[in-house]
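Please see the structure below; I have some questions.
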Amino acid sequence: MRFVYPAVFHKTETNTYEGFFPDLDDCHAEGETLDEALDNAIEAARDWITLELEEGGILPSISEDNDLTLKEGEFVRNIAVTIRLTDGWDE
């Protein structure tokens, strides 16, 4: 199954990148470059979603990009994660 959640990124004062998912509580990513931060965001979102599904939780609604309030210097990238669902999910 494919999940797509928006992540908000910004460039730090030390020229690295940090990002967070407004819809996924405490799900963050960072990297030396934007590409590294995006790769780390994919991994963080995959881990967050997988854990939530394993614990029987309900995934949060997905925010629309235009509903997000951004601070100066912030930008949005949609992060796609593909997770193979098993144990009754494919029935």
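Can you give me the accessible area per residue for the chain, using a 1.4 Å probe, in Å²?
Roughly 69 Å² per residue, with all protein chains present.
I would also like to ask the following. Which sequence of Ile49, Ile58 reflects their accessible areas, 1.4 Å probe, from the largest down?
Ile58, Ile49
Turning to a different aspect of this structure: Keeping all protein chains in place and using 1.4 angstrom, which order do Thr14, Thr50 fall into by accessible surface area, from largest down?
The residues order as Thr14, Thr50, largest area first.
Moving on to the next point. Asn66 versus Leu85, label points 7 Å from Cα toward the beta carbon: distance in nm?
2.9 nm
How large is the charge dipole for the chain, taken about the Cα centre, if only the Cβ atoms of Lys, Arg (+1) and Asp, Glu (-1) carry charge, to the nearest 20 debye?
Its charge dipole is roughly 260 debye.
Would you work out the relative contact order for the chain, in percent, from Cα pairs under 8 angstrom that are 6 or more residues apart?
Relative contact order of the chain: 38 percent.
Add -39500 (n - 2.57) for each DSSP H run of 4 or more in the chain, then divide by its residues: what number comes out at 222 nm, to the nearest 500 deg cm²/dmol?
Dividing the helical sum by the residues of the chain leaves -8000 deg cm²/dmol.
Continuing with this model, one more query. With all protein chains present, how much of the accessible area of the chain (probe radius 1.4 Å) comes from carbon and sulfur, to the nearest whole percent?
44 percent
The values are calculated or read from the model by the stated rules, or taken from the named source; none is laboratory data. Just so it is clear, the model here is predicted, and its values are computed rather than measured. Cβ coordinates were reconstructed from backbone atoms using ideal geometry, including for glycine residues, and neighbour counts include every protein chain displayed. Only protein heavy atoms, including side chains, enter the accessible area calculation; ligands, DNA and RNA are left aside. Shrake-Rupley method; radii C 1.70, N 1.55, O 1.52, S 1.80 Å.
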